[in-house]
Every structure is written in structure tokens, then in C-alpha cells.
Amino acid sequence: MAARPIATLTVSFGLVSIPVKLYSATEASRAISFNLLHKGCGSRLKQQYLCVKDEVVVPREDMVKGYEFEKDQYVMFTPEELKLLEEAGTHTADIAEFVPIESIDPVYFDKAYYLAPDKGGAKPYALLARALRESKRCALGRWAARGKQYIVMIRPAGKENADGLVMQQLLYAGEVRSLKELEIPDTEVKDAELKLAQQLIEQQASDKFDPSTYTDDVRARVEAAVQKKVEGQEITMAEAPEGGGAQVIDLMEALRASLDKKAAKPARAKEPQAETRKPPKRAQQAEPAARKSAKK
């Protein structure tokens, strides 16, 4: 199924304007969500708002928004006043500067969008994508939408998508907490410990990130449980592993043991694979027998 654009906008830098289509790069709709039901009859519940002073249900038409400037002290805003405070959408991402891609800490990354050239924008789009890739820089600018103003970073897509552009919405400085707020003590790291840690990193190093090697096991379990419920089956709960507190271990011994385990792993790699393949084969063989007994 072809992707559908969610908006159109113009990316501009200098006197160059690039009409583009905006696509969501992620699928939040794939997340599994549950509804609240009445335990007694299974009917879906309706949310209501209760006034803490009068203890009565307040209908939506009697609600206004307020800002708490002191404890239990509010200033109220009408919908018209809030509308005046919103940023007017310009349908334009104005590039202000170009910076090295590695200079932006990923902690500032927010929602990502794919950009594709719109009518008449193929040539300048390809030019910007290639110029950014070869300069190893990204574009920073502003984009106004949905009544808000955003910082955006436009960068070339991954190497497998050499000609594409990604518009990454960024967080403002005030939205990112400083690491200095944490209590991280100064700790001495010995050269021998550092060397073993680097060896362990090299043993587990990969040339690139392959997202397909990681799967959402929790989602798979939930989907399987939902299907069993739909079919009227009971769900058996596996016993939770016994929880243990953090163990105080010898760091050097732990590093050496990790290295030995990783070094020995390739020799034993075939055994687990053989074990995991047996159950499906037995299930396939047992299925015809079950069908025969059902026919009888």
C-alpha cells in the first residue's frame, strides 16, 4: 500500500524553494491499545469530569482551560484567547543554518517525517539531498504547524535511501534536562579494566545498525494472548523469575568471564538452533493425527 502524504510544504534556503510532500516516518497506530470496560457486563466506559468542589459531573460545554500560577490559583482563558496565541501555519520550513550532523545530540530528536519532492521540486530536492550528504551537514530551521512553532532538522536519509530527505522535529533547549542534574561521581577507571571493556565491545561490534534484527517480543505476546482470548482459550501465566538485587561483583572477573563467554559462543551456536527447530516439527506431525481423531 502506497504511503499517503499528510501535508505539503515548501523548504526554502536562500532564494531556492523546494515544494515537498510530508509523510509520517513512524506508525504510532501500530501500538496495541486497550479500552476500559465495566468488569461486570463488559461494556465500554465513558469518561466524565467531576468538579472537586461541587462534586458534580461537568459537561464539556461548561469547561474552560486555566493555568495554575500558584497552588490552587488559576487564570482562565477562553477558546478565542487561546486561538490568538497560536502560531499561524505558514506551510514553509525556513532554513536558517547548516551544521555538522554529529553536532546535534540525538537526545533532542523528536518526531521524524519523510520528505518527497512535490510537483516541480525534483531537481532542487535532489540537489539539496546530495549537497547535505557530501558536506556531512544538516539544515536547521523553523516550521509552524498545528498552532505551534517547531525547530526542524533536515538531513539526508540513510545510505540505503541515498536520495531521500528526513525532516526531524527537534526539542527546544528548555525541554531537555541537563545531565548535570544527575549525581554521577568521579570514578577512576583502570587501564586494564578499560582494555578488557574495549575488547568486549570489539567482540560484539557490528558495522551498521540493522533494525530488522530486533523484534518487539512484548507486542508478539500480547497479540498471541488476544488471539487466544478471542478463540475462548485460557491464558496460562509463566512463573516470574525470582528477583534478585544488584550483585556486587569483581569488575575484572566479570569482564574476563564475558570475553570467555563470547569467544566460546560460536562453537556452541548450532545446538540452540537445533533445539528451537524441533518443537515446530513435532507440532506439524501431531496436527494430522488431531484432525483424524476429530473426524472419527
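Here is the list for the stretch 103-189: trypsin sites (Lys or Arg not before Pro) lying in DSSP coil, each with at most 11 other C-beta atoms within 10 angstrom of its C-beta, are Lys119, Lys136, Arg146, Arg177. Setting aside same-chain residues fewer than 8 positions from Lys123, which aspartates and glutamates have a Cα under 15 Å from its Cα? Excluding near neighbours in sequence, the set is Asp163.
Number of Lys-Lys pairs in the stretch 36-87 with C-alpha atoms under 24 Å apart and a separation of 8 or more places or on different chains: 4.
Every number here is computed from the coordinates shown, using simple stated rules; none is lab data. All of these numbers come straight from a predicted model, not from anything done at the bench. Cβ atoms come from the backbone with ideal geometry, glycine included; neighbour counts cover every protein chain shown.
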